[in-house]
Amino acid sequence: LSDIQLLTLDVDGVLTDGGIIRDDAGQQIKRFHVRDGAGLVLWRRLGKDVAIITGKESEVVLHRMQELGVRHVYQNVGNKTEAYEQIKDELGLTDAQIAYVGDDLPDLPVMRKVAAPIAVADAVEEVRAVAKYVTRFPGGYGAVRDAIEYLCKEMGLWGDVMARYA
């Protein structure tokens with residue numbers, strides 16, 4: 001895993017707890033965990049990239065990713081593999097340079113391609129079965145931050161991360 005350059009994420013069930021809340025006007029509301037955001041900032045400070053591939057479309061996801069400096073946001077994706085291949089080509093990366101965090105069956109085709117497939121703790125059994133790592137936390141509760149820590153430790157970058165806080 002020493003050459004991971006891109007962390008690719010699903011949204012619902014990974015960056016959120018999977019719940020969908022709508023207000024009286026029908027606007028969608030999502031809850032994001034601050035540690036996941038901090039983890040994404042940490043990952044980007046290491047010179048790494050982040051991409052989002054999600055089957056739903058939501059302005060709140062776009063706003064949150066803009067806050068975090070995530071430039072590659074693919075929403076309303078019917079085929080995650082096609083979006084993945086597009087991102088990979090755009091960035092000039094290989095499967096060996098990519099990690100993916102997922103929770104449900106639509107994530108499986110991409111997870112089977114990447115070097116570092118990661119499942120959130122409450123992922124479905126089939127997703128956990130293909131994962132190289134299963135986070136200690138469920139989606140929406142710091143799972144992405146945990147995945148980033150795992151990757152940094154496996155890549156020998158955790159000392160660089162901790163040096164910022166010494």
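Remarks
- Once the 1.4 Å probe is applied to the protein heavy atoms, the chain comes out at 48 Å² accessible per residue.
- Per-atom-type breakdown for the chain gives carbon and sulfur 47% of the accessible area (1.4 Å probe, protein chains only).
- Extension gain for Glu154-Arg45 works out to 37.5 nm (0.36 nm per residue, less the C-alpha to C-alpha distance).
- Whole-Å distance, taken between Cα centres, linking segment 144-166 and segment 50-120: 21
- q = 0.14, 0.16, 0.22, 0.35 Å⁻¹: log10 I(q)/I(0) that the Debye formula gives for segment 1-42, counting C-alpha atoms only: -0.45, -0.55, -0.83, -1.16
- Accessible area (Å², 1.4 Å probe, nearest 10) - Met162: 90
- Among the trypsin sites (Lys or Arg not before Pro) in segment 7-114, those placed in a DSSP loop whose Cβ has at most 12 other Cβ atoms within 10 Å are Arg31, Arg71, Arg112.
- Applying the criteria of a DSSP loop state and at most 16 other Cβ atoms within 10 Å to the GluC sites (Glu not before Pro) of segment 53-145 yields Glu57.
- Interchain or long-range residues, amide H under 5 Å from Tyr133's placed H: Ala119
- Stretch gain in nm, segment Ile29-Glu82, where the contour uses 0.36 nm per residue and the Cα spacing is subtracted: 16.3 nm
- When only the Cβ of Lys, Arg, Asp and Glu is charged (+1, +1, -1, -1), the dipole of the chain relative to its Cα centre reaches about 520 debye.
- Label-zone membership for segment 32-73, site Lys113, 7 angstrom Cα→C-beta point, backbone N under 19 Å: 49-56, 71-73
- Option label - Cα extents along the principal axes in Å computed here, alternatives (i) 64, 34, 28; (ii) 44, 35, 30; (iii) 48, 35, 31: (iii)
- Mean separation of Cα contacts under 8 Å (6+ apart) over length of the chain, as relative contact order %: 29
- Choice from Ala131, Ala147, Ala25 showing the highest fluctuation, given a GNM over the chain with Cα pairs closer than 10 Å: Ala25
The values are calculated or read from the model by the stated rules, or taken from the named source; none is laboratory data. Being a predicted model, the structure only gives us computed values, none of them experimental. Glycine also receives a Cβ, built like all others from the backbone with ideal geometry; neighbour counts cover every protein chain displayed. Heads up: the accessible areas ignore ligands, DNA and RNA and are worked out on the full protein's heavy atoms, side chains in. Shrake-Rupley method; radii C 1.70, N 1.55, O 1.52, S 1.80 Å.
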